[in-house]
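Structure record follows, encoded as structure tokens.
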Amino acid sequence: MKLMLSPTLCKNRAYISLKDFKAESFTDSSSDSEGPIQTENRAEVVCRRCLKDFCRESKYPIPDGLLYRFACFHSFDVEKAKTAIKKDADRNYRYLQLRMRGPLREQFKTRTLFPLPGLTTKTGKCEVFYMRPSRYFPGSTTTESIIDNLCYVLNDLSHTKEQCQNGVAFIANMKGWKMENFSVDYCHQFMQALQGHMVPTRVDLFLIVNPPSWFGKIWKIMRPMLSNQFSKKVHIIKEDKFSDFLAADYEQFLPDEFACGWRKTDELVEDYIDKKMYVDAM
């Protein structure tokens, strides 16, 4: 099922109607034929069928690909997935409709948070996204802007079954970070998004790299915001430990803001914006 963007959409909006959500790279496993069941776990197929019926009855316009995201994120637990779908419907699918335009495009231009194409983790093959927290200032930029930025990237790394199954990894480069880059409200909302409360994308690894010596004070604030399960995914490291977590040749994919990184940060961001503006306009 592939739903195309409406040509009448206002180009200045950062979001669109969910009916125009493009469910790419997913196959429909909800039919009554036995073909899909031969390639998927039967429990997964049953879960997706139940969710499809639930959405039809509730009049939730969720495409098949997005249903798979919800199902996979919640380990194919029907009731948990239903609750998450209803929650998103209640907030009008706010974080699932983002597009590279308007204020969101301007936020990306700050080079604060973006994917690192080609980089994967050492185990699990998770794709990786990157943040430079020192570029975000809660006093002058809304929390909504950075949460939209984060959710857009999480959505973009969740287009295929393989991506949903593998999850993603997050690298936060703490170089230059100061207290003026922090607020409790921003931190809380950001941690909620990383744990899947805004969009159904599983973060399997969170690397906090090169933090200042006093970061322990901040960690005491952050830690209660994380579930016990998620906190086990967090590692506070120096960049010379990247080889413990990232796939071979990681240097060629990291931004040059790390001493070992080869990619030019400006080019990474500019290329991503151009690519997504083109894709989102199709």
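The values are calculated or read from the model by the stated rules, or taken from the named source; none is laboratory data. Note that the structure is predicted; figures quoted are calculated from it, not measured. For neighbour counting, all protein chains shown are included, and Cβ atoms are generated from backbone atoms with ideal geometry for every residue, glycine included. Heavy atoms of the whole protein, side chains included, go into the accessibility calculation; ligands, DNA and RNA do not. Shrake-Rupley method; radii C 1.70, N 1.55, O 1.52, S 1.80 Å.
Each residue of region 199-209 is assigned a 3J(HN,Hα), and the resulting list reads 9, x, 10, 8, 8, 9, 8, 10, 9, 9, 10 Hz, derived from the Karplus form 6.51 cos²θ - 1.76 cosθ + 1.60 (θ = phi - 60°), x at Gly and Pro. Once backbone amide H atoms are built at 1.01 Å from N, Val203 has Val168 as its partners under 5 Å, excluding neighbours fewer than 5 places away on the same chain.
Straight-distance candidates among the lysines for linking to Lys220, with alpha-carbon spacing under 19 Å and chain neighbours fewer than 8 residues away dropped: Lys178, Lys232, Lys233.
This model, with +1 at the C-beta of Lys and Arg and -1 at the C-beta of Asp and Glu, gives the chain a dipole about its Cα centre of some 700 debye.
Remark: region 88-157 carries 35 Å² of accessible area per residue (probe radius 1.4 Å; ligands, DNA and RNA excluded).
Between Val128 and Leu116, Leu119, Ala169, the built amide H atoms are under 5 Å apart, and every one of these is 5 or more places off in sequence or on another chain. Sparse packing (at most 12 other Cβ atoms within 10 Å of the Cβ) combined with a DSSP loop state is found for the following chymotrypsin sites (Phe, Trp or Tyr not before Pro) in region 150-230: Trp214.
Can you send over the carbon and sulfur percentage of the accessible area for region 105-162, probe radius 1.4 Å, protein chains only? Intermediate values should be presented prior to the final figure.
On the way: 1040 of 2120 Å².
Accessible surface attributable to carbon and sulfur in region 105-162 totals 49 percent.
If you count only protein heavy atoms with a 1.4 Å probe, what accessible area per residue comes out for region 205-257, rounded to a whole Å²?
On the way: 2830 Å² over 53 residues.
Averaged over the residues of region 205-257, the accessible area is 53 Å².
Annotation for region 77-140: trypsin sites (Lys or Arg not before Pro) lying in DSSP loop with at most 13 further Cβ atoms inside 10 Å of their Cβ are Arg91, Lys109. With the charge dipole of the chain set up from +1 on Lys and Arg Cβ and -1 on Asp and Glu Cβ about the Cα centre, the Cα lying farthest toward the positive end among the listed residues Phe170, Phe182, Leu194 is that of Phe182. Within region 198-282, list the trypsin sites (Lys or Arg not before Pro) lying in a DSSP loop whose Cβ has at most 16 other Cβ atoms in a 10 Å radius. Loop-located and lightly packed - Lys232, Lys238, Lys264.
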